[in-house]
Amino acid sequence: MNTPEKGYGVVYRPKKKLSEKKRKTVFKRLCDIVGPENFSDKEIDKIIYSRDFWPIALRWMLERKVPALPDCVVWPENTKQISDILKLANEESIPVVPFGEASGVLGGMIPVKGGILVDLKRMNKILKINDKDLTVTAQPGLNLMELERLLNKEGYTMGHSPQSIYCSSLGGNLATRAAGQFSTKYGKIDDMLISLEAVLPQGEVIRSKTVPKSSTGPRIDKMMLGSEGTLGIITEATLKIWPYPEKKELLSYAFEGMESGLECIRKILRRGIFPAVIRLYDEKETAFRFYQTGKAKDKCLLVLVLQGDKELVELETKVSQDVCRKHEGIECGEGPVIHWFETRFNVKEASDFAPREIIFDTIEVSVTWDKSIELYNSMISAMENVNGVIVAFAHASHFYPQGVCFYFIFGGTPVKGAEPNEFYTSVWDAAMRSCLDAGGSISHHHGIGLMRARWLGEELGQSFEILKKIKKSLDPKNIMNPGKMGL
Ligand SMILES: Cc1cc2nc3c(=O)[nH]c(=O)nc-3n(C[C@H](O)[C@H](O)[C@H](O)COP(=O)(O)OP(=O)(O)OC[C@H]3O[C@@H](n4cnc5c(N)ncnc54)[C@H](O)[C@@H]3O)c2cc1C
């Protein structure tokens, strides 16, 4: 595995290497397509594009191992160039991996079979804001925070604010079906998408119509949502936007346990009230994040943000307060919500602790209300039962009238003699097994990548076989992000 002369190892090495002759002709043709200034096969670039935020990849880097190297990197500037790149890659049977900003947490963009890394950051413009239709059309490489700032300046919001808003792209969010922290009111990125343009694996460009709804057969464009670069490259998208909220109300309540907190939220949603932010922290996570909130000691803290039209927010606030009181929620005021706003982008645990052999990660799943508390309990105890786990806690952070997304966090250290990555994988195994047994979905918004690929067959059942057939027919040479999602 190691190449000591360079001082680092490479974990995934493609079995088939490009011959020197082929490499030369392919690189020359790529330079002709994107221009030599938008092409690199420098080692430093290849190393930079070798990994995302998957914690295993972080560990490998600490061990002086590069997860995988692409053969080259290109920075296309338009859809035609992308189509030409994919045609060339097909002709020469070379893998292509789309790249947003590498904030994926499951190894989705690691170029495990080498090939052409397509970084979309030069396609980063807002193409149109349509005030009458309340839509924005933008390119995939646009940074999400940049998009939100530009919208805010014009008096709008997209309402999509994942914790990775500063470090992820629009295209990457669509390709993983991401969810923002304000999702209960505004929806997830899948709900926001109206139409898109994409280049399919053999270079064909598809473009859907920008209409609010149509009944014209199955929607091929929607297949790109969650496809994680395996079915093509998203090159443009039109999404819903909202007028910038006129009013914001911040509420928080403490509940005796997760069950009563969840029940209260379910009742709020049943009244047709959709607070933008709803987050319910279990006792351990409340103690970890809100230790300064005395009234929430040994309890589960609920954070609510209601925003939008002033009159509606006033009514929604009143109804939410009534329901919380009825469910014996203890009022904790605005303080914890302000604290949440101030700290919501702090995610230093994983990288802070990794060099000290302590491993942290997060696992998000979804489940219907009727199975929610059983799933929460069984996943927590499954993780706690793994040798070496020090802590496992959770909050619920995305809600529907039908159910909920739980976001679990575990931390631990391998017991003597065990490999850190073995320990990490055994916690994931325990969590995924208990999620499937409890009737949940193995991912609510992070996607599949490399880490969850093993469970996708069980999750999807026969549909997984159909997905494989679709992949084969669209991408017969398996050039698009090969080795991912178990495809
Ligand atoms: C600190 C932190 C916080 C996070 N918080 C959230 C959160 O709140 N909610 C959430 O949902 N996720 C969250 N994530 C996960 C991550 O941000 C998302 O998965 C995000 O959608 C990935 O975007 P990206 O642009 O970085 O994509 P990348 O990581 O570059 O790529 C992700 C996948 O999409 C493919 N891809 C990228 N661009 C395109 C394209 N244009 N066309 C086709 N395929 C493409 C890649 O090949 C890869 O398979 C978080 C991650 C971190 C590190």
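Report in % the part of the accessible area of the chain that belongs to carbon and sulfur, leaving out ligands and nucleic acids; probe 1.4 Å. Let's see the in-between values first.
Details: 11450 of 21580 Å².
Result for the chain: 53 percent of the exposed heavy-atom area is carbon or sulfur.
Please give me, ordered by residue number, the GluC sites (Glu not before Pro) of region 187-263 that lie in loop per DSSP and have at most 14 other Cβ atoms within 10 Å. Please report the intermediate quantities before stating the final value.
Working: sites: Glu197, Glu204, Glu228, Glu236, Glu246, Glu249, Glu256, Glu259, Glu263; in loops: Glu204, Glu228, Glu246, Glu256.
Filter output for region 187-263: Glu204, Glu246.
What value does the chain have for Rg/Rh, both radii from Cα atoms and Rh as Kirkwood defines it? Don't skip to the end; give the middle numbers.
Numbers: Rg = 23.0 Å, Rh = 23.6 Å.
When Rh is taken as the Kirkwood radius, the ratio is 0.97.
Would you calculate the separation in nanometres between label points at Gln292 and Arg271, each defined as 7 Å from the Cα along the Cα-to-beta-carbon direction?
Simple spin-label model gives 3.0 nm for this pair.
Scale the Cα Rg of region 332-379 by the rule-of-thumb value 2.2 N^0.38 Å and send over the ratio, two decimals. All intermediate terms of the calculation are to be shown ahead of the outcome.
Working: Rg = 15.7 Å, N = 48, 2.2 N^0.38 = 9.6 Å.
Region 332-379 yields a ratio of 1.64.
Charges at C-beta only: +1 for Lys and Arg, -1 for Asp and Glu. How large is the resulting dipole of region 293-386 about its Cα centre, in Debye rounded to 20?
Charge dipole of region 293-386: 220 debye, to the nearest 20.
Where nothing but the Cβ of Lys and Arg (+1) and of Asp and Glu (-1) is charged, how large is the charge dipole of the chain around its Cα centre, in debye to the nearest 20?
So the dipole magnitude of the chain works out to roughly 1400 debye.
When the Kirkwood hydrodynamic radius is evaluated over all pairs of different C-alpha atoms of region 91-168, what value in angstrom, to one decimal, is obtained?
Details: mean 1/r = 0.0702 Å⁻¹.
14.2 Å is the Kirkwood radius here.
At 1.4 Å probe radius, can you tell me the per residue accessible area of region 349-446 in Å²? It would help to have the intermediate numbers written out before the result.
On the way: 3730 Å² over 98 residues.
Normalised by residue count, the accessible surface of region 349-446 is 38 Å².
Evaluate the Kirkwood expression for the hydrodynamic radius of region 261-393, namely the inverse of the mean inverse distance over all pairs of different C-alpha atoms, and round to one decimal in Å.
One decimal place: 16.8 Å for the Kirkwood radius.
Which of the peptides 33-42, 418-427 is most tightly packed, and how do the rest follow, judged by the mean count of other Cβ atoms within 10 Å per residue?
Peptide ranking by packing, descending: 418-427, 33-42.
Roughly how many whole Å is it from the C-alpha centroid of region 406-424 to that of region 119-152?
Computed from Cα coordinates, the inter-centre distance equals 39 Å.
DSSP loop (so not H, G, I, E, B), at most 10 other Cβ within 10 Å: list which trypsin sites (Lys or Arg not before Pro) in region 157-241 pass both filters.
Lys209, Lys213
Could you tell me the calculated FRET efficiency between Lys42 and Glu91, based on Cβ-Cβ distance and R0 = 22 angstrom, to the nearest 0.05?
0.35
Go through region 141-227 and name the chymotrypsin sites (Phe, Trp or Tyr not before Pro) that are in a DSSP coil and have 13 or fewer other Cβ atoms within 10 Å of their Cβ. Could the numbers behind the result be given before it?
On the way: sites: Tyr156, Tyr166, Phe182, Tyr186; in loops: Phe182.
Within region 141-227, no chymotrypsin sites (Phe, Trp or Tyr not before Pro) qualify (loop, at most 13 other Cβ atoms within 10 Å).
What percentage of all Cα-Cα pairs in region 227-271 are separated by more than 17 Å?
In whole percent, the share of Cα-Cα pairs in region 227-271 beyond 17 Å is 67.
Going by amide H atoms built from the backbone, whose H comes under 5 Å of the H on Met123, apart from near neighbours?
Gly141
If you take all C-alpha pairs in region 403-487, what percent of them are over 20 Å apart? Spell out each step's value before the answer.
Details: 1625 of 3570 pairs.
Percent of Cα pairs beyond 20 Å in region 403-487: 46.
According to a simple spin-label model (label point 7 Å from Cα along Cα-to-Cβ), what is the distance in nm between Glu384 and Thr368?
Taking the two extended label points, one gets 2.8 nm.
Mind checking the dipole of region 303-343: about its Cα centre, +1 per Lys or Arg Cβ, -1 per Asp or Glu Cβ, Debye to the nearest 20?
Numbers: 4 positive and 9 negative charges, 24 e Å.
Magnitude of the dipole: close to 120 debye.
Please find the FRET efficiency linking Arg64 to Thr343, where r is the Cβ-Cβ separation and R0 is fixed at 41 Å, and quote it to the nearest 0.05.
0.80
Report, ordered by chain and residue number, the aspartates and glutamates lying within cross-link reach of Lys87, taken as a straight Cα distance under 15 Å and ignoring same-chain residues fewer than 8 apart.
Result set, ordered by chain and number: Asp32, Glu204, Asp475.
Equivalent-ellipsoid semi-axes (√(5λ), Cα gyration tensor) for region 329-417, whole Å, largest first?
In descending order the semi-axes read 26, 20, 11 Å.
How many Å² of accessible area per residue for region 230-335, probe 1.4 Å?
45
Rounded, prolate or oblate: which fits region 126-243, taking a ≥ b ≥ c as square roots of the Cα gyration tensor eigenvalues, rounded meaning a/c under 1.5, else prolate when a/b beats b/c?
prolate
Round to a whole angstrom and tell me the spacing of the C-alpha centers of region 231-268 and region 49-101.
Between the Cα centre of region 231-268 and that of region 49-101, the gap is 33 Å.
Could you estimate the translational diffusion coefficient of region 2-119 from the Stokes-Einstein equation, with Rh from the Kirkwood formula over C-alpha pairs, at 4 °C and 1.567 mPa s, in whole µm²/s?
89
The values are calculated or read from the model by the stated rules, or taken from the named source; none is laboratory data. Since the structure is predicted, the reported quantities are computational estimates derived from the model, not experimental observations. A quick note on method: Cβ atoms are made from the backbone with ideal geometry, for glycine too, and the neighbour counts reach across all protein chains shown. Remember, those area values only see protein heavy atoms, side chains included, never the ligands or the DNA or RNA. Shrake-Rupley method; radii C 1.70, N 1.55, O 1.52, S 1.80 Å.
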